[in-house]
Each structure stands twice: as C-alpha cells, then as structure tokens.
Amino acid sequence: MKNLLIVLVFMAMLSCGNSLTDKEKQEYTNKGKEIAQNSFKALSEKLTEQMKLGGPAQAIPFCNVEAIPITQQLSDKYEVTIKRTSDKLRNPANEPTERELEIINTYHQLISSKQAAKPIVEVDSNNKKHFYAPIMMKANCLACHGKIEEFMTVKTDSIIKSLYSNDKAIGYNEGDLRGIWSITFKK
Ligand code: HEC
C-alpha cells in the first residue's frame, strides 16, 4: 500500500512537472519533422527558382527579403515559431539562444564522434515544447556558403557582404553542420 502511494505521488509529480511521456515525445518529434521538412521545401523551391532565373546575384537578394517572411507564414500556419539558427550566422536576426547554442554544440559532438544527430524534443521551465533538428550542408548550398574561389565566387561573396557585413556563414563543406531548426510549439 505504501509503495503504491509512493508510485501514485511520483506519477502525479511527473504529470505536473516539465516532462513528456514517450507518446508525447513521439508526437512532437513527428510534428516537428513535418514542419521542418515543409519549411525546407518551401525555402529551397523558391531558392532554386531564383537561382535558375539569375544565379546567386538574383537568389541572394531574394533570400535577404523573403527567407524570414516565408518561415513566418509557415509559423502562423502550424501555430508554432519556426527559426533557423547557427553558430556561424549570416543574418544577425537569426541569433541563437543559449539553449540553441548548447544544442548546436551537442550536434557537433555527436557528428564528430560519428553518432546519429537525431531530432531533440524537450520542455522548458514555462512548459513550452521545443523541437530541434540539425541542418546539414548539401552540395547545392555551397555556392553561397562554401569556400571562396572553390565553390563560391568572389562576386557572390561581395554581394553577400554588401547585405550582411558581418557574415560568418561561409567556408563550409558538404556534410558539415550548418545549424539547426528550432521549432517552439504554441500548444
Ligand atoms: C543563393 C545563395 C544561397 C544558397 C544557395 C543557400 N543559402 Fe543559406 N542563406 C543565404 C542568405 C542570403 C541567408 C540569409 C537569409 C536571411 O536574411 O534570413 C542564408 C541563411 C541561411 C541560414 C540561416 C542562418 C543564418 O546564418 O542566418 C541557414 C540555416 C542556411 N542559410 C542554410 C542553407 C542551406 C542548408 C542551404 C542549401 C540547402 C543554403 N542555405 C543555400 C543564401 C543562400
């Protein structure tokens, strides 16, 4: 009887505290993955279209004006906050929080020890649910994020620097960790 009481008190604590059941974790992981994939699709479709129309000179100003509004529209649609952030930023508006930086470092460690960098779901002290997932560099990202004169032209770099004077988001190779998706659920 006493044991049962302890178990019940423990369960009650769990349900009021900031932790998720396995089922909830799975649900938020699935939702987060879907939102991140659709956001990536929306951004990359538009980007590819602009790259075809006029290369980096056309696509960079497009990203500059449209990247944040596109993620904002999807945030409204899914009732979440969608953010892309990095430890090497291009747009200072995407600055990571302390927790996001810790997550980025966790992914760096996992990747360098050849472990899987899977999505992370957690609850914060305000009972808000967060989804994080790595953003990796692909070959077609390097025209604007790769090494200068190897994948990225000097002209592209100068267009980027004219819009983002403090750009740190260059010098990447394919397969590098570029940053993370950080999705905060509103409910
Ligand atoms: C045509 C050039 C171009 C290409 C190609 C490109 N990006 Fe970017 N990227 C940009 C620009 C410009 C920004 C800044 C957007 C803004 O102002 O929000 C940016 C921002 C980002 C950010 C947000 C973090 C930050 O540093 O501000 C991430 C993450 C990112 N890019 C990942 C990628 C990935 C992954 C790919 C390939 C699938 C890619 N980019 C391809 C130009 C490009």
Fill in the blank from the handout: About its Cα centre, the chain carries a charge dipole, from +1 on Lys and Arg Cβ atoms and -1 on Asp and Glu Cβ atoms, whose size in debye to the nearest 20 is 320
Exercise for the section: With springs only between Cα atoms under 10 Å apart, run a GNM on the chain and tell me which of PRO56, PRO119, PRO69 wobbles the most. Expected result: PRO69
Handout entry: Residues of the chain: accessible area per residue with a 1.4 Å probe, Å²
Key = 62
Exercise for the section: Roll a 1.4 angstrom probe over the protein heavy atoms and tell me the percent of accessible area of region 58-110 that is carbon or sulfur. Expected result: 50
Handout entry: Distance in nm between pseudo-label sites at LEU101 and GLU66 (7 Å out along the Cβ direction from Cα)
Key = 3.3
Practice task
Once you've got the GNM for the chain with C-alpha springs shorter than 10 Å, pick whichever of LYS83, LYS114, LYS138 has the biggest mean-square fluctuation.
Solution key: LYS114
Completion exercise
Place a point 7 Å from the Cα of ASP22 in the direction of its beta carbon; the residues of region 105-125 whose amide N falls under 12 Å from it are none
Completion exercise
region 59-80 and region 85-140 have their Cα centres apart by a whole-number Å value of 19
Handout entry: Expected 222 nm ellipticity per residue - DSSP helices of 4 or more, -39500 (n - 2.57), all of the chain, to 500
Key = -18500 deg cm²/dmol
Exercise for the section: Note the angle between two axes, namely the Cα long axis of helix 2-16 and the longest principal axis of the Cα atoms of the chain, as a number of degrees from 0 to 90, rounded to the nearest 10. Expected result: 30
Completion exercise
One checks the Cα atoms of region 21-185 and finds Rg and Dmax, in Å, of 16.2, 51
Exercise for the section: Over 25 Å between C-alpha atoms is what I'm after, so list which of LYS88/LYS118; LYS33/LYS187; LYS41/LYS118; LYS77/LYS114 land there. Expected result: LYS77/LYS114
Fill in the blank from the handout: Highest GNM mean-square fluctuation among VAL121, VAL80, VAL65, for the chain with Cα springs under 10 Å, belongs to VAL65
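The values are calculated or read from the model by the stated rules, or taken from the named source; none is laboratory data. Because the structure is predicted, anything quoted here is derived from the model rather than measured. We place every Cβ from the backbone using ideal geometry, glycine too, and count neighbours over all the protein chains shown. Please note that ligands, DNA and RNA were not included when accessible areas were found on the heavy atoms of the full protein model with its side chains. Shrake-Rupley method; radii C 1.70, N 1.55, O 1.52, S 1.80 Å.
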